[in-house]
Amino acid sequence: MKTNRIMDEIRASVSPEMKMRMEMSVAIANRIYDILEKKNMTQKEFARQLGKTETEVSRWLSGTHNLTMATLCKISYVLGEDIVRIPKSRHSFV
């Protein structure tokens, strides 16, 4: 793989917390993409069901957009699957 000195310097300067945030964002985007693919749903149809633009959904799937809890819940509801799985506890409302 060809490396870019400037990008390597930027990556080296990113905090572990930021790296974790980026990894989680990409993992969530990949999860959404995998579910869409499994359901044979296009980004256009997904966007329509969410009441969003295709452009916004495309940004989400790039893994660079910071999704809110409300958006994650709406995505899970529309897709009928959990996007983020959290173990149930005795304090759970669900």
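Would you mind counting up the charge near Lys39? Only other residues with Cβ under 11 Å from its Cβ, with Lys and Arg at +1 and Asp and Glu at -1.
Once positives and negatives cancel, what remains is -3.
Each label point is 7 Å from the Cα along the Cα-to-Cβ direction; what then is the distance between the points at Glu37 and Ser62, in nm?
Those two pseudo-labels are separated by 2.0 nm.
For Trp60, what is the net charge nearby, where nearby means another residue's Cβ is under 13 Å from its Cβ and Lys, Arg count +1, Asp, Glu -1?
Residues near Trp60 contribute +2 overall.
Could you point to the residue in Met20, Cys73, Tyr33 farthest towards the positive end of the chain's charge dipole, with +1 and -1 charges on the Cβ of Lys/Arg and Asp/Glu respectively?
Going by the Cα projections, it comes out as Cys73.
Taking the Cα centre as origin and putting +1 on Lys and Arg beta-carbons and -1 on Asp and Glu beta-carbons, what dipole magnitude results for the chain, to the nearest 20 debye?
For the chain, the charge dipole is close to 140 debye.
Along the Cα→Cβ direction, 7 angstrom out, place labels at Ser13 and Thr53. What is the inter-label distance in nm?
Inter-label distance under the simple model: 3.2 nm.
Check cross-link reach from Lys52 to the lysines: straight Cα distance under 22 Å, and skip same-chain residues fewer than eight apart.
By straight Cα distance, Lys52 reaches Lys38, Lys39, Lys44, Lys74.
Show me, bin by bin at 10 Å from 0, the whole-percent P(r) of the chain based on Cα pairs.
14, 40, 26, 18, 2, 0
Quick check: net charge around Asp82, other residues with Cβ under 15 Å of its Cβ, Lys/Arg +1 and Asp/Glu -1?
Overall, the nearby charge balance is +4.
FYI, it's all coordinate maths here, none of it is from the lab. What you see is a predicted model, and the numbers here were worked out from it, not measured in a lab. Note: ideal-geometry Cβ built from the backbone for every residue, glycine included; neighbour counts use all protein chains shown.
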